[in-house]
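Worksheet for the structure shown next.
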Amino acid sequence: MADSTVIVEVVLWAVYVLLAVAVGIAAWSAVHGVRTHEQTKDPLASRRSSMIGYATAALVAVILLITFALASTQPIVSNGKPFADTFWLRTTDMFIFTSILLICVCSAIVAIAKFRR
């Protein structure tokens, strides 16, 4: 039994490290993309595109904060055991609701762009 808990701990730490690396690379990629995208010939177009990039990042951050604040803290039963850690309950709800909201917004934007032409 002790060997399986060691394996679980190693896997969990590996997941934590991979998550940290993925978040770091995503943040670096976003900053790098906004900075290099500004190097176009038309300064007005580059200003607009960088503003759109910053506004999108800020909007996603605001949506994450709002969905975290509005998330449920109701305990749940998972695998037959009660789970009542409010931080993780809120975090899980935050990611679920943010994903659903962003998918709906993106679908609406695609539909509007498709029928606008």
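The values are calculated or read from the model by the stated rules, or taken from the named source; none is laboratory data. Note that the coordinates shown come from a computational prediction; the quantities given were computed from them, not determined experimentally. Heads up, the Cβs are rebuilt from the backbone with ideal geometry, glycines too, and the neighbour counts pull from every protein chain shown. These accessible areas exclude ligands, DNA and RNA; they are computed on the full protein's heavy atoms, side chains included. Shrake-Rupley method; radii C 1.70, N 1.55, O 1.52, S 1.80 Å.
Structure summary
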{"read-out": "Where a residue in region 13-42 is under 16 Å from residue 53 (Cβ atoms) and among the β-branched types (Val, Ile, Thr) and its partner, wherever it lies, is at pLDDT below 80 and open to solvent by less than 60 Å² (accessible area, probe 1.4 Å), with Cβ under 6 Å and at least six apart", "value": "34/50; 34/53; 40/46"}
{"read-out": "Looking only at region 72-84, and only at residues there that are among the aliphatic types (A, V, I, L, M) and open to solvent by 70 Å² or more (accessible area, probe 1.4 Å), the one that is nearest to residue 60 (Cα to Cα)", "value": "76"}
{"read-out": "Scope region 85-109; condition in a loop (DSSP other than H, G, I, E, B) and surrounded by 12 or more Cβ atoms within 10 Å (Cβ to Cβ); matching residues", "value": "none"}
{"read-out": "Condition met for residue 51 (out of contact with any strand residue (DSSP E or B) (no Cβ under 9 Å at 6 or more places or on another chain) and modelled with pLDDT under 90)", "value": "yes"}
{"read-out": "Tabulated pairs, region 90-108, first closer than 16 Å to residue 62 by Cβ and touching a residue at least 12 places away in the same chain (Cβ under 8 Å), second among the polar types (S, T, N, Q) and surrounded by 15 or more Cβ atoms within 10 Å (Cβ to Cβ), C-beta under 7 angstrom, 6+ apart or interchain", "value": "94/67; 97/67; 98/67"}
